[in-house]
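Here is the structure we will look at, set down as structure tokens.
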Amino acid sequence: MCRLNAIMTSKLWNCFNGHCCNCSAGGPSNSKVWVQLAVVFHDDRAHWRVWDSRACQWVIQLNRYESPRRQRFTLAHEYKHIIDHGRSSGLYSGTATNTPAEQAEQAADYFAGCLLVPKVLLKRACYGGVQ
């Protein structure tokens with residue numbers, strides 16, 4: 001996999017509620033659009049994503065001291081939260097054992113895992129004796 005750069009751009013598609021030219025502080029507003037994504041590295045341990053309404057782009061912060069594997073997982077995890085932006089209440093209603101926020105975190109973890117280790121490759125590795 002390609003090494004993550006200090007700042008990279010990617011295209012997000014069909015995930016948002018809005019046009020980039022009509023962006024706001026709450027995130028993009030409503031249709032299929034291409035939106036810029038910036039990934040930045042910081043020294044603190046926190047990772048997060050935020051909508052930058054001035055630049056009209058999502059920004060994901062990663063910890064520069066984490067391993068590239070962990071950075072890739074975190075990037076995919078935060079990307080899932082961006083995909084779900086504005087739709088979380090309809091996607092995650094909670095259960096007897098999990099709050100909607102916990103469900104959203106589990107979904108983001110699952111998405112990242114599936115993106116980084118496709119099921120067919122995981123099965124192949126398991127059947128090949130890899131634990």
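What follows draws every value from the coordinates through simple rules; no lab data is involved. Everything numeric in this text was worked out from a predicted model, so none of it was measured. Here the Cβ positions follow ideal geometry from the backbone for every residue, glycine too, while neighbour counts run over all protein chains shown.
Here are some notes:
- The set of residues in the stretch 95-115 that are more than 12 Å from the chain's Cα centre (by Cα) and either among the polar types (S, T, N, Q) or surrounded by 12 or more Cβ atoms within 10 Å (Cβ to Cβ) (or both) comprises THR95, THR97, ASN98, THR99, PRO100, GLU102, GLN103, GLN106, CYS114.
- Selection from the stretch 110-124 of residues that are farther than 15 Å from SER88 by Cα and either in contact (Cβ under 8 Å) with a residue 60 or more places away in the chain or part of a helix (DSSP H, G or I) (or both): TYR110, ALA112, GLY113, CYS114, LEU115, LEU116, LYS119, VAL120, LEU121, LEU122, LYS123, ARG124
- Scanning the stretch 46-66 for residues that are of a type outside the set (Phe, Trp, Tyr) and either part of a strand (DSSP E or B) or closer than 21 Å to GLU105 by Cα (or both) yields ALA46, HIS47, ARG49, VAL50, ASP52, GLN57, VAL59, ILE60, GLN61, LEU62, ASN63, GLU66.
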